[in-house]
Every structure is written in structure tokens, then in C-alpha cells.
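The values are calculated or read from the model by the stated rules, or taken from the named source; none is laboratory data. Keep in mind the model is a prediction, meaning the values are calculated, not measured. Here the Cβ positions follow ideal geometry from the backbone for every residue, glycine too, while neighbour counts run over all protein chains shown.
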Amino acid sequence: MTQVRRYDTGTTVVSLRDHRDARRGLSDNARLSFERRDPEWKNVVMRRLAELVALNRGWDGFDAPPVEFHNAYFSVQMLQSICSVETPAPAIVPGYYGDLQVEWHSAGTHIELHVKGPNRVEAWRSTDETGVEGEEIDLSTDFTIVAKWLADLTRAFRDDDRARA
Amino acid sequence: MARTRPENLPDFEMPPLDEVVLGVQFVPPPRYRQIYAGAVWDLYRSEFPLVEEQIAIAPAFETFGVTRGPSFNFEVINGPAQNRFWFLAEDGHELIQFQQDRLLHNWRRLDKEASVYPRFETMVTKFERELNQLQTFFEGLGQRALEINQCEVTYINHIAMEGPSGLTPDEAIKLINFGGKKAEAFDLRFAERIDSDGGSPIARMHYRASIGQKTNTGEPVCYLELTVRGAPEANDIQSAIEFLEMARRKIVTQFAEVTSERAHEVWRRKV
């Protein structure tokens, strides 16, 4: 019989118990381990940010610059502080001044993080409870509250998926 | 007014200190081009007449939220690559590191006999002057004042493992316990949040310890590196200096806490 243990980091270790059939041809300590699973949002975000940093000046039809590299880099660090492995990938849109906005939208919840610069983020959320006006907070480096917002949103996404399955 | 060392800060007659780094990261001035690096060198050349080129350091931002695993970096090759420049003093003990978004000042022991640690107060006074010189230069190009978004202080210690005052890593560092084994190699890294008096995060302390060899003599040493990094309260030079002073207090205090009484005797603790 095999035992599968999944760690919070996404690493999966399969150990073979002392069972004759399972151990056939293998050592007593045989295990298979899988590499840490990268979050799905990571590749989506990296690709999108690379596009936005490489935009040509005037991408908006006027004189908007590309997203500033420090803003993109800070956004990656911010997302690492608020997203879990299961968080859905956000949409990212460029601003007109080298800034950018990171967004999640679901049926009942909208979260928008306006990265105006490193350490300067306007965070906004609307839910069924807050109504369309939503709640807005200015944040610098502590994104604990946004991590909670995202945990709620991720849970809702997961529940929707299960209901549809 | 000359800076004075805070009272009651742990102090040692012979600390195993090998290198100290003070640094800030700032928003790259929009009109800066790498060709201006020569003019930046001219600001410091009288004291730092030698130059070397290195690969640029990636940006670093400390952010807080959920506990996270290993970080991943974001890299985009878009346009000409920017280098990092080392402006070195003749004897190589002190150097300034400059790139389009960073300024750092290092002191390095290099040769035990010849180098005396100039002390943090002297280093931070010089660094403040260097920052002001850089800011004036950028303003002369029509740029805005430096917008500093991260600050860091690093203390690197080389703990001798051989000789009459040699200590094994588990003898010197209270965090380490090999359970009686004689470790040939190890690598310990962890980070700890630093909170304000109000309980909100303001910085992160990174601890790193490992066994290595001194490059000039080959003798085995235990590296113990402590770094405090975070955003200053405001993005100006004064706030950056205040952050560096806070970071230094934290590092020196934690160094004394994580090292053993026996090590303190070897290093002759005074305070």
C-alpha cells in the first residue's frame, strides 16, 4: 500500500509501506518525491509583466510610458506575500504613468490593487456585504488584509468549481 | 554634530566582524543613462580612485502578508544592460557600489593586520554625505530627488574555527546544535519579521550561517551573516539614515543574543 503525504508547499512524497507487492524490486526506503509545484499564477503573472515592461511609449495612443520595472518587480514580491498556490491568476493592466493594476473579479467579489509605485498601493475590494462602493485602504508593505481578501476569494472559486463538478 | 554610539549596545574588543555593508535602493531616475556612471565616479574619485565593473544586483523589496516559500525573481531583458560599478579606495578596504537604482558603501577587513573597522558611526556619516552628493548630481540632470524605497544593513562575521581561539559553529552560535556530530558542512538560513512598537511589520532580519574558507588563507571559518532590510518611513535621505541606524541596533543586539557566552569571552565582550 502506498502512502501519499502532501505538504503545504505542494511537495508530494509517496512512501511505500512494508508491503510485499509494493516493494517488489525496490529498496526498503524507496520513495518518490515530486518537485515543489509552482503556483499557476506565477507564470501568467511573469509573462504579463514582461509584456507590460516592454510596451512602447505611446502604447495608449498618446504618451503613456511602459510599466516601470521597479513597479513590476514590487508587484511580484507583493503577490508572493498574498497569494497561495491555489490563488487564481490575476488580470494585470498598465496605468498611464508607469504604474499598474492587479485585479481579480468573480461573481460576488472584486479586488483591485493599484500599484502606484514601490511601497504605494491602493487596495480596493467590493463584495456582496460592502456593496458596489466597496472598501479602500492605502498600503505600503504590509498586505496581510489583502491576503485575507484573497483567501476568501480563492475559497469561493474552489467552492464554485466543486459545485459545478 | 558627531554621531555617538548608543549606550548599552553590545560591544566587543575583538569581534569576528569581516564586512559591513550599508545600502539604499531608489527609483531609477528616468533620465539616467549608464554613460553618466563616469560622472558619478567623479563625485567620489578623490577617495575611491579605482574602479571595477560587476553584474547588477536585482531589486529587493520586503513585503509582508502570508508566510511564503522560497521567493522567485523577475527578470526582463529590455534594452541595454546596466552594470554595477565598484569605486574602491586604494587599499581596497572601503568601496562604494553604484548602479542605476542602488548606492552601497562597504567596509571589508581583507588583511587582518592592516585594517581597523571604522565603526558604524563613521561609515553612516560618510554614506549620508555620499547620498547627498548623488542626489545633487541627479538634480543637476533635471531629475527629481532620490526616491529611496528600500534600505539595508549587513554585518558579515568570520568566526575562526582553528587556533587557540577557534570555535566550532555549535560552540559559537546558540541557534545551532549538531547533536554531538562534527559537521563538515551546513547551511542555515531563516528570516524574522521586525515589528514597530505598534505591532506592524517594518523590516525583515535575514540570518545566514555556513562553513567556508577564507579566500586569502584557506583557513576554515564559520560565516554568520545578519541583514536587516525594509522600507524607510519616508523616501528621503534622512528617513533612510534613520532606518540604517535602527537596522544596526537590531543586528548588533541580535548578534549578541544568538552567539554564546563562550564566544563572547573569546571576542572579549565589553558591554
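Among the residues of the stretch A:128-144, those that are touching a residue at least 12 places away in the same chain (Cβ under 8 Å) and either within 14 Å of another protein chain (Cβ to nearest Cβ) or over 27 Å from residue A:71 (Cα atoms) (or both) comprise A:128, A:137, A:138, A:139, A:140, A:141, A:143.
Against the conditions (1) among the hydrophobic types (A, V, I, L, M, F, W, C); (2) surrounded by 14 or more Cβ atoms within 10 Å (Cβ to Cβ); (3) touching a Phe, Trp or Tyr at 6+ places or on another chain (Cβ under 9 Å), residue B:161 satisfies every one except (3).
Could you tell me whether residue B:62 is modelled with pLDDT of 95 or more, farther than 30 Å from residue A:80 by Cβ, within 18 Å of the chain's Cα centre (by Cα) and not aromatic (Phe, Trp, Tyr)?
No; evaluated as a whole, the condition is false for this residue.
Out of A:121, A:102, A:93, one residue alone is under 24 Å from residue A:53 (Cα atoms), within 12 Å of chain B (Cβ to nearest Cβ) and within 18 Å of the chain's Cα centre (by Cα). It is A:121.
For the stretch A:57-81, the tally of residues that are under 19 Å from residue B:57 (Cβ atoms), of a type outside the set (D, E, K, R) and within 8 Å of chain B (Cβ to nearest Cβ) stands at 8.
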